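The values are calculated or read from the model by the stated rules, or taken from the named source; none is laboratory data. Since the structure is predicted, the reported quantities are computational estimates derived from the model, not experimental observations. Cβ placement follows ideal geometry from the backbone for every residue including glycine, while neighbour counts extend to all protein chains displayed.
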Amino acid sequence: MELLNNKNYWDQEWCKIFDKYQNDPRFAHYLYAILERDEKRILEIGAGSFRDMEKLNKWDIECYGIDFSNKSVEKAQTKFPQYRHLIIQANAFKLPFDDSFFDVSYHNGFWSCFSNDDINSLACEQSRITKKRMIVAVHNAHNSSFVEYFNKLKVDDPLYSARFFTISEITSLLEKYCYDIQIIPVGKGKKLYEDYLINLGLGSRDNLKKCFFYHKMDLLEHSERLLCIGQVK
Ligand SMILES: C[S@@+](CC[C@H](N)C(=O)[O-])C[C@H]1O[C@@H](n2cnc3c(N)ncnc32)[C@H](O)[C@@H]1O
């Protein structure tokens, strides 16, 4: 897991995987469904491919993205020149923004690169710059076949050494900084639901929102990620 918070590792990795990541837009759709109409200024932390911040901007939400990898930032600024001013190189432990500058901040797979002590510092900094809600997506430890799949692949590729979290682990990390924590299992396991709608071009904001609240936890053991939402204290 240590490699996953090493800047040189990510600089090399983004040269290889940046373009491939652009092909999977699901997470931006999940976010769009969850964002409320009065949440207007958003930050993505550890944005990597910057695919989700680009989509949110396209859908008229002002979304900044930061990453400490200059390779990912350079590639994103070249691919999305219209949002160049929102694509920033920065360290998530010390963000270059004023207190409560954003309505919402989010990340996907980012905490899976860190120990609990680091996550505590990252959460503290994230809560400082966030006025309303923090959204955190992590690898889902309740999906044992997904855990096994990563265990096999990580032998040859450190990208798969990401940490997995149970609901109680992620809740205890978040509750120091957030209240009213809600958890929604998302991703692939829900082929018949959200991902299916997205693939068919029917994944509108309202359709996905209804879908999330309709089946809640019933696919916990089959979903890739836990999407955790908390109100900042
Ligand atoms: C799992 S990837 C996130 C991928 C991203 N969600 C996407 O859709 O492309 C984790 C990202 O965190 C970045 N990162 C790791 N440590 C960081 C830090 N201290 N500050 C900022 N970014 C960091 C890495 O460069 C990498 O891009």
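Take the conditions (1) within 11 Å of the ligand (Cβ to nearest atom); (2) part of a helix (DSSP H, G or I); (3) modelled with pLDDT of 95 or more; Leu3 misses just one of them, which is (3). Residues that are more than 9 Å from the ligand (Cβ to nearest atom) and basic (Lys, Arg) were ranked within the range 52-71; the one that is nearest to Ala123 (Cα to Cα) is Lys55.
Yes or no: Asp195 of a type in the set (Asp, Glu), buried (at least 16 other Cβ atoms within 10 Å of the Cβ), touching a residue at least 40 places away in the same chain (Cβ under 8 Å) and farther than 19 Å from Ile119 by Cβ? First the steps, then the outcome.
Details: of a type in the set (Asp, Glu): yes; buried (at least 16 other Cβ atoms within 10 Å of the Cβ): yes; touching a residue at least 40 places away in the same chain (Cβ under 8 Å): yes; farther than 19 Å from Ile119 by Cβ: yes.
Yes; evaluated as a whole, the condition is true for this residue.
Residues of the range 32-51 that are more than 11 Å from the ligand (Cβ to nearest atom) and buried (at least 23 other Cβ atoms within 10 Å of the Cβ): Ile42, Leu43. Filtered by the rule that a residue be under 14 Å from Lys176 (Cα atoms) and either in contact with a Cys (Cβ under 9 Å, 6 or more places away or on another chain) or of a type in the set (A, V, I, L, M, F, W, C) (or both), the range 105-135 gives Ile119, Leu122, Ala123, Cys124, Ser127, Arg133, Met134. Scanning the range 104-121 for residues that are outside any helix (DSSP H, G or I), of a type in the set (Gly, Ala, Ser) and within 17 Å of Tyr30 (Cβ to Cβ) turns up Ser105, Gly109. If you filter the range 72-114 down to residues that are in contact with a helix residue (DSSP H, G or I) (Cβ under 7 Å, 6 or more places away or on another chain) and of a type in the set (S, T, N, Q), you find that the one that is farthest from the ligand (Cβ to nearest atom) is Gln77.
Do we have Ser204 as away from the ligand (no atom under 16 Å from the Cβ), on the phi < 0 side of the Ramachandran plot and small (Gly, Ala, Ser) here?
On the way: away from the ligand (no atom under 16 Å from the Cβ): yes; on the phi < 0 side of the Ramachandran plot: yes; small (Gly, Ala, Ser): yes.
Judged against the criteria, Ser204 is a match.
Does any residue of the range 201-211 turn out to be more than 19 Å from Asn108 (Cβ to Cβ) and at pLDDT 95 or above? No, that holds for no residue. List the residue pairs whose Cβ atoms are under 7 Å apart, where the first residue sits in the range 84-105 and is of a type in the set (Phe, Trp, Tyr), the second is surrounded by 17 or more Cβ atoms within 10 Å (Cβ to Cβ), and the two are 6 or more positions apart or on different chains. Final answer for the pair search is Phe93/Leu122; Phe93/Glu125; Phe97/Ile129; Phe101/Ile129; Phe102/Ile42; Phe102/Leu43; Phe102/Ile129; Phe102/Thr130. Taken together, the residues in the range 33-68 that are in a helix (DSSP H, G or I) and at pLDDT 95 or above amount to 8. Restricting the range 137-159 to residues that are small (Gly, Ala, Ser) and surrounded by 16 or more Cβ atoms within 10 Å (Cβ to Cβ) leaves a set whose member that is nearest to Ile183 (Cα to Cα) is Ala137.
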